[in-house]
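Heads up: the structure comes next, in C-alpha cells.
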Number of protein chains: 2
Amino acid sequence: MIPKFSVSKFGSKFSRQTGIGQLMEDLANLEPGVCMLGGGSPALIPEVQEVWKEFLSKLAEKGSWESILGKYESPSGKRETLEAVADLLRKESGRSIRTEEIAITGGSQNAFYLLLNFFSGTYEDGSKRRAVFPAVPEYIGYIDQPLEEDSILPVPSLVRETGEHTFRYELDEASLQRLGESAEPLGCIVLSRPSNPTGRIAGEEEIRKILSFAEKKRIPFLLDNAYGFPFPGIVYSGDNRWFYEDGMVQSFSLSKIGLPGVRTGFVLADPKIVSSLNKANAVLNLTGGSLGQYVGLELFTSGAWSSLSKNVILPYYAEKRKLAFSVIEREWTGKLRYQIHESEGAFFLWVRFRGLSKSLTELYSVLKKSGVVLVPGRYFYPKSEVNDPFVDECARISFARDEEELSEGLSRIGKVLAEYSE
Amino acid sequence: MIPKFSVSKFGSKFSRQTGIGQLMEDLANLEPGVCMLGGGSPALIPEVQEVWKEFLSKLAEKGSWESILGKYESPSGKRETLEAVADLLRKESGRSIRTEEIAITGGSQNAFYLLLNFFSGTYEDGSKRRAVFPAVPEYIGYIDQPLEEDSILPVPSLVRETGEHTFRYELDEASLQRLGESAEPLGCIVLSRPSNPTGRIAGEEEIRKILSFAEKKRIPFLLDNAYGFPFPGIVYSGDNRWFYEDGMVQSFSLSKIGLPGVRTGFVLADPKIVSSLNKANAVLNLTGGSLGQYVGLELFTSGAWSSLSKNVILPYYAEKRKLAFSVIEREWTGKLRYQIHESEGAFFLWVRFRGLSKSLTELYSVLKKSGVVLVPGRYFYPKSEVNDPFVDECARISFARDEEELSEGLSRIGKVLAEYSE
C-alpha cells in the first residue's frame, strides 16, 4: 500500500493541471485524424530540414559528436556559441554587446521561469511585487511560472475594431500611466513580440513607452522575441525592427526556426542578470543540452539564421496564413460572428467568436471530439482577469500545419461552432 | 547608464555563487595543462563512443532526426522511451512497473530541484518541513536546490577507521532513531547510492532501515542512482543490488553511462508524484530535450545499457581506481596524513587530509595555481553543518581521467599539500 505523501505548497501547485501542461500533453498525444491547430509547434519545412542535415554532417566531420553527447558544457554556455550570439546581436543592434551579456538557457520557457521569479514575488525588504503584463492576453506559458500566488498584474488591452471581421489590441496607455503614478512597487514588465497568442506586433513607439514606464519604476522590461527578431523573423508587417536598450532583458529561442527538440534559448541582459541566470542554471539543471549549442553555432556562424528566416520561414508561414484566411472567408462567413486580430506576426490567429451559447473552454472538448484542437483563449489571461468579455469568446488557432490539415481543421471549427451560434 | 534592479529573494539567492556553480564553471573553463580531478564528468571511453556512433547512424537511417530537432516531445516524455524504461526496471525489480510510474526529466539535477521542493519547505498547513540527509556528506548539487532557507536536516555520518589509510562512514542509527521519535514533521529523506561524494554504497539492510524510518514518518525516500544501479553500475563491491519498494522515489541518469550532454534522467515513483513532475516540467521547461529520449530508447531496447555497464564502464573505472591507489601509495605515503573512504562505487575518492595548516577550501586556489583541481569537501555539507572537523579536512577527487592526467594530478596534490602538512 503506497502512502499518500504530503507535499509542499510548491508541490501542490503541480498536482493541478496547468494551461501549458494540458496544451503540451494534447499536442503530443493526438488521436489520428485530429487537426491540431492548437499547439505552438513550428512546421517541419523541407528546406529547413535540409539545412539541419547539412549541419549534422558537418558536426560528424568535425568529430563534434563525442563532445555533444559525452561532455558537459559550462552552465554559462559554450564559449563559441556565446560569441556567435553576441556577434549576431551586435550587428543587428549596432551596440557593443559582450558575451557576458548573453545567457544560454534551456529554451525561452526555462529562461522565463527564472526571470519571472527573479523579478516578482517577495523581495528582501519584505515587499511583494508583481510582474506587469501590459498587453493582456499574453503567453500561456508565463501564467503558471511565478512561484507565489497573485504575482501577475494584468493590464487588459484596449480593443479597436478595424474592419467587419478584424480588430486590433492597443496598449491602454491611460491605465499604464495610472499604474506608473501609483505607489505600488513593481517587479518587472513583460511582453511577447510578436504576441503569442494574438500575433500583434508592438511598434517601436510602444516599446519605447513601455521602456520609459520601466525606467520610471526602476524595473526591467522583459521582451520575448521567440517568434520575432532577429530570428525566426515571423513578422508580416514590414516596418518593424529589432533594437536593444539598457534596462531591457530580451529572450530568443531556437524553437521557432525549427529546432524545438533541442530546448535552447538565449537571453540578452545586463551582465549581473546573466550571471544570476547562469548560477541558477547550474543549480536547476547543472548545465544546458549540448546539441542546441552546437547546432546553434553552425546556424549563426554560417549566416543560415538570416537566409532561412527571410527566404524560407517567413514566406512559408505567409503562404499558410493566406490559405487560412481564404478558408475562413469561404467556410465561416455567414455562419459565424467572428473577428480576427490583425495578423502581424507569429503563426497564430487570435479569433473572437461572438454570440456562442457556450464558452470556448466548454466547447474545447466538443471540438476535440469533432476532430479539431484549438486553444481556448482563457488560458492566456492571468487568473485575476475575469471580467473581460473576451476571455470566453476567444481562441488561438495555429496555421503552422499541412495545407490539408489546416483547411480541414478550419472547416470543422466552422461547422461545430455554427451549431452553438445564436 | 544601466539601472540596478531589485531582485526577489529567489533572485538574490542566485546572485551568489554556489558550490555546484563554481564546480561546473571550473570544469568547463580549464587552463591548459591543469589536471581536472574535480568534476563529475564521466570519461570518454572509446568503446562507449563507438556505440553512440552506431546509435546516431541508426537514428539517421530511421529518419528520426527530423523529429529529434523539429518536434516537441510531450512533457511526460516520449511514449516508447517510457515503455523501454518501465520494461527495464520491471525486469530488474521483478515488480509490475507501469509507464505512469516513470517521469523523464532534464537530468537528475533537474529532477531533484523539483523533488526537493515538492518535499520540503512550507506546506499548506503552514508547517515548515526539512529534507533529511541521513548520511552527510551528501551530493553538492542538492545543497542549493531548496527554495527556502534551512530546508535540509543533516545527520552526520559516523566514522569507522578500517585501516591505516582507510575509513568508512556508517549510518548514525541512534540519531536517526531520535529523529524518528521527535515530533518534528519532516518532508523527505534523501540518499545517493553510491554516494557522491564518498563512493560509499549503503547496503540493502541500511536502505531498508531508512525506508522504515520514511514509512514511520510518512515521507518519501528519495534515492539517487546516478552512478549506480541499474546503469551505469559503477559499483566495485559485488554483493549489492538494486531494488524498489513502495514509498521510494528513485532517480536515474544517462550522464554517467557517457551521455551528460543530452541532459536526460528518469524518475521512478508513485504515479501521482510522476504526474506532478510532468506538470512541473511543462511549466519550467515546456518539455525535455529529444536527443536523450531517442538515444536512451536505443540504449534500452538494444540491451547495450547492460553490456556497456558491465563489460566496459565498470572495468574501465576499476582500472583507473587501481591506478589512483597505486599513485597515491607511491606519492603520498610518508608525506601526508591521509585517509581514504572505502571506495565502493562511483569514480571519486573521498580523502581526509589530517594535520594541514590551512583548510582545503583555502588550499583550493593554491592547488589550482599548481595545476590541479579537486573539490573541497565543505561543499558537500549543508550550511548548517559547521562543527564536523571533517568539513575542512576532506576533498573529493575524481579518477575518471586519462592515465597521465590522473597520475600527474595526484602527484601534484601530494607535493602541494605536503608543504602545508604539519
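Tabulated data
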{"read-out": "Residue among A:R98, A:R168 that is basic (K, R) and within 14 Å of chain B (Cβ to nearest Cβ)", "value": "A:R98"}
{"read-out": "Matching entry among A:S74, A:S64 (being of a type in the set (S, T, Y), at pLDDT 95 or above and under 29 Å from B:Q22 (Cα atoms))", "value": "A:S64"}
{"read-out": "Number of positions in region A:307-335 that are more than 23 Å from A:D224 (Cβ to Cβ) and in contact with a Phe, Trp or Tyr (Cβ under 6 Å, 6 or more places away or on another chain)", "value": "2"}
{"read-out": "Which numbered condition B:P42 misses (of (1) over 22 Å from the mean Cα position of the chain (by Cα); (2) within 21 Å of B:S307 (Cβ to Cβ))", "value": "(1)"}
{"read-out": "First in region A:206-223 and closer than 21 Å to A:N117 by Cβ, second anywhere and surrounded by 21 or more Cβ atoms within 10 Å (Cβ to Cβ) and of a type in the set (K, R), Cβ under 7 Å, 6 or more apart", "value": "A:L223/A:R193"}
{"read-out": "Considering residues of region B:180-209 that are of a type in the set (G, A, S) and farther than 20 Å from B:G126 by Cα only, the residue farthest from the other protein chains (Cβ to nearest Cβ)", "value": "B:G203"}
{"read-out": "Of the criteria (1) within 11 Å of chain B (Cβ to nearest Cβ); (2) outside any helix (DSSP H, G or I), which one A:G33 fails", "value": "(1)"}
{"read-out": "Any chance A:R330 is closer than 30 Å to A:V190 by Cα and in the same structural domain as A:L37 (by TED's automatic domain parsing)", "value": "no"}
{"read-out": "Long-range neighbours under 7 Å by Cβ, at least six apart or interchain, first residue in a loop (DSSP other than H, G, I, E, B) within region A:348-366, second of a type in the set (K, R)", "value": "A:G355/A:R337"}
{"read-out": "Failed item in (1) farther than 25 Å from B:P42 by Cα; (2) free of Cβ contacts under 8 Å to residues at least 24 places away in the same chain; (3) more than 25 Å from the chain's Cα centre (by Cα), with B:K369 passing the rest", "value": "(1)"}
{"read-out": "Residues of region B:126-136 classified as out of contact with any helix residue (DSSP H, G or I) (no Cβ under 8 Å at 6 or more places or on another chain) and either of a type in the set (G, A, S) or more than 10 Å from chain A (Cβ to nearest Cβ) (or both), total", "value": "4"}
{"read-out": "Count of region B:72-86 residues which are within 12 Å of chain A (Cβ to nearest Cβ) and surrounded by fewer than 18 Cβ atoms within 10 Å (Cβ to Cβ)", "value": "1"}
{"read-out": "Residue list for region B:396-422, filter: out of contact with any strand residue (DSSP E or B) (no Cβ under 7 Å at 6 or more places or on another chain) and assigned to a loop (DSSP other than H, G, I, E, B)", "value": "B:A400, B:D402, B:E422"}
{"read-out": "Some residue of region B:149-164 being basic (K, R), at pLDDT 95 or above and not in a strand (DSSP E or B)", "value": "no"}
{"read-out": "Residue check, A:K91 more than 12 Å from every other protein chain (Cβ to nearest Cβ) and either part of a helix (DSSP H, G or I) or surrounded by fewer than 22 Cβ atoms within 10 Å (Cβ to Cβ) (or both)", "value": "yes"}
{"read-out": "Residue within region A:52-60 that is touching an Asp or Glu at 6+ places or on another chain (Cβ under 6 Å), under 24 Å from B:S64 (Cα atoms) and within 10 Å of chain B (Cβ to nearest Cβ) present", "value": "yes"}
{"read-out": "Count - residues of region B:221-268 that are at positive phi and touching a Ser or Thr at 6+ places or on another chain (Cβ under 9 Å)", "value": "2"}
{"read-out": "Scope region B:243-271; condition more than 20 Å from the chain's Cα centre (by Cα) and either facing chain A (nearest Cβ under 7 Å) or hydroxyl-bearing (S, T, Y) (or both); matching residues", "value": "B:D246, B:G247, B:D270"}
{"read-out": "Residue match in region B:7-16 (condition: facing chain A (nearest Cβ under 7 Å), under 30 Å from B:G377 (Cα atoms) and in contact (Cβ under 8 Å) with a residue 24 or more places away in the chain)", "value": "yes"}
{"read-out": "Near pairs, Cβ below 8 angstrom, 6+ apart or cross-chain, from region A:283-304 (more than 7 Å from every other protein chain (Cβ to nearest Cβ) and more than 27 Å from B:K13 (Cα to Cα)) to any residue that is buried (at least 24 other Cβ atoms within 10 Å of the Cβ) and charged (D, E, K, R)", "value": "A:G292/A:R263"}
{"read-out": "Which numbered condition A:G126 fails, given (1) outside any helix (DSSP H, G or I); (2) in contact (Cβ under 8 Å) with a residue 40 or more places away in the chain; (3) more than 20 Å from the chain's Cα centre (by Cα)", "value": "(2)"}
{"read-out": "A:G261 being surrounded by 24 or more Cβ atoms within 10 Å (Cβ to Cβ) and either under 24 Å from A:S76 (Cβ atoms) or touching a residue at least 40 places away in the same chain (Cβ under 8 Å) (or both)", "value": "yes"}
{"read-out": "Odd one out for A:G106 among (1) under 22 Å from A:R218 (Cβ atoms); (2) within 14 Å of another protein chain (Cβ to nearest Cβ)", "value": "(1)"}
{"read-out": "Qualifying residue in region B:64-77 (condition: under 25 Å from the mean Cα position of the chain (by Cα) and either more than 30 Å from A:Q145 (Cα to Cα) or in the same structural domain as B:V391 (by TED's automatic domain parsing) (or both))", "value": "no"}
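Listed here are the residues, each with its yes/no results for (1) more than 10 Å from chain B (Cβ to nearest Cβ); (2) modelled with pLDDT under 90; (3) outside any helix (DSSP H, G or I); (4) out of contact with any helix residue (DSSP H, G or I) (no Cβ under 8 Å at 6 or more places or on another chain).
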site: A:G21; (1), (2), (3), (4): no, yes, no, no
site: A:L27; (1), (2), (3), (4): no, yes, no, yes
site: A:V48; (1), (2), (3), (4): no, no, no, no
site: A:I68; (1), (2), (3), (4): no, no, no, no
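Conditions tested, residue by residue: (1) modelled with pLDDT under 95; (2) closer than 30 Å to A:A418 by Cα; (3) of a type outside the set (A, V, I, L, M, F, W, C).
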| position | (1), (2), (3) |
| --- | --- |
| A:G296 | no, no, yes |
| A:V312 | no, no, no |
| A:S326 | no, yes, yes |
| A:Q339 | no, yes, yes |
| A:S343 | no, yes, yes |
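A quick yes/no check of all residues on (1) surrounded by 24 or more Cβ atoms within 10 Å (Cβ to Cβ); (2) in a helix (DSSP H, G or I); (3) modelled with pLDDT of 95 or more:
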{"position": "A:R95", "(1), (2), (3)": "no, no, yes"}
{"position": "A:E100", "(1), (2), (3)": "no, yes, yes"}
{"position": "A:R130", "(1), (2), (3)": "no, no, yes"}
{"position": "A:F133", "(1), (2), (3)": "yes, no, yes"}
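Let's see how each residue does on (1) at the interface with chain A (Cβ under 7 Å from one of its Cβ atoms); (2) modelled with pLDDT of 95 or more:
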residue: B:N117; (1), (2): yes, yes
residue: B:E124; (1), (2): yes, no
residue: B:E138; (1), (2): no, yes
residue: B:I143; (1), (2): no, no
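The values are calculated or read from the model by the stated rules, or taken from the named source; none is laboratory data. It should be emphasised that the depicted structure is a prediction, and the values quoted were computed from it without experimental measurement. Neighbour counts are summed over all protein chains in view; Cβ atoms, including those assigned to glycine, are modelled from backbone coordinates with ideal geometry.
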